[in-house]
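The values are calculated or read from the model by the stated rules, or taken from the named source; none is laboratory data. From a predicted model like this one, the values you see are computed outputs, not experimental measurements. Reconstructed Cβ throughout: ideal geometry from the backbone, glycine too, with neighbour counts over all protein chains shown.
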Amino acid sequence: MPKIQAATVAEHRASQRAALLDAARTLLSQHPEQIPGLAEVAQHAGLARSSVYSYFKSRADMFDALVIDTFPRWSAYVEKHMDEATAPGPKIQAYVEANLQLVARGDHALARALASAGSSEALASSSRLMHDRLEAPLRAALTDHGSSDPVRMAELVQSIVYALSRMIEGGLPLRTATGLARELLSPYLDLDSG
């Protein structure tokens with residue numbers, strides 16, 4: 001098989017696999033309490049049910065792949081918002097607000113749905129990698145901000161994210177949640193002076 005043809009086949013396979021993962025992500029985001037079957041995912045992707053088995057051995061295998069695909073997107077989203085801030089205090093605030101935005105748009109519900117659909121090993125590994133990847137820039141921002149204990153301070157910041165995430169999932173508007181975070185963190189981050 002010529003190289004160009006092989007590349008085209010590989011691109012086609014990658015495109016179909018991505019379409020299946022996007023379809024599964026969409027279906028889970030719309031109804032996190034209902035784990036879709038392979039046939040439903042294939043239909044939503046516009047593919048034949050039998051073609052799903054060319055990419056995934058089972059529904060659990062597909063959701064493990066979705067876990068591995070989804071968590072880096074969360075990290076990248078948060079990192080992008082932190083990178084847009086120019087000083088340590090605003091970087092920390094950006095970390096909190098980006099995480100809350102993801103919760104408000106349903107990504108956290110998707111993560112919970114994935115937790116119930118995928119294997120615990122894939123979830124634990126991806127979740128650990130995501131948290132490690134997120135903690136590094138948060139700790140760096142806290143260090144740059146002058147924290148005497150950036151590891152524990154990162155845990156405190158994360159506890160604020162968790163608490164406000166639960167409130168958002170309980171119906172609190174994102175704007176109110178970010179306002180509460182800003183009210184609580186502004187004195188420490190010295191946001192009002194910069």
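Reported count of residues in the stretch 52-66, each being more than 13 Å from Ala18 (Cα to Cα) and in a helix (DSSP H, G or I), is 4. Residues in the stretch 155-171: is at least one buried (at least 18 other Cβ atoms within 10 Å of the Cβ), among the small types (Gly, Ala, Ser) and either more than 16 Å from the chain's Cα centre (by Cα) or not in a helix (DSSP H, G or I) (or both)? Checked the stretch 155-171: no residue is buried (at least 18 other Cβ atoms within 10 Å of the Cβ), among the small types (Gly, Ala, Ser) and either more than 16 Å from the chain's Cα centre (by Cα) or not in a helix (DSSP H, G or I) (or both).
Of all residue pairs spaced 6 or more apart or on separate chains, those with beta-carbon atoms under 8 Å, a first member in the stretch 78-89 that is within 12 Å of Leu134 (Cβ to Cβ) and a second member that is surrounded by fewer than 18 Cβ atoms within 10 Å (Cβ to Cβ) and basic (Lys, Arg) are Glu79/Arg133.
Remark: pairs (first residue in the stretch 10-38, at pLDDT below 80; second residue surrounded by fewer than 18 Cβ atoms within 10 Å (Cβ to Cβ); Cβ separation under 6 Å; 6+ apart in sequence or on different chains) = Ser29/Gly106; Pro32/Ala109.
With a cut-off of at least 1 residues that are modelled with pLDDT of 95 or more, name the helices (runs of 4 or more DSSP H) lying wholly within the stretch 80-154. Outline the logic, then answer.
Values: elements: 88-104, 107-117, 120-145.
In the stretch 80-154, the matching helices (runs of 4 or more DSSP H) lie at 88-104, 120-145.
Using the structure shown, decide if Thr8 is out of contact with any helix residue (DSSP H, G or I) (no Cβ under 9 Å at 6 or more places or on another chain), assigned by TED's automatic domain parsing to the domain that holds Tyr188 and among the β-branched types (Val, Ile, Thr).
Details: out of contact with any helix residue (DSSP H, G or I) (no Cβ under 9 Å at 6 or more places or on another chain): yes; assigned by TED's automatic domain parsing to the domain that holds Tyr188: no; among the β-branched types (Val, Ile, Thr): yes.
Answer is no for this residue.
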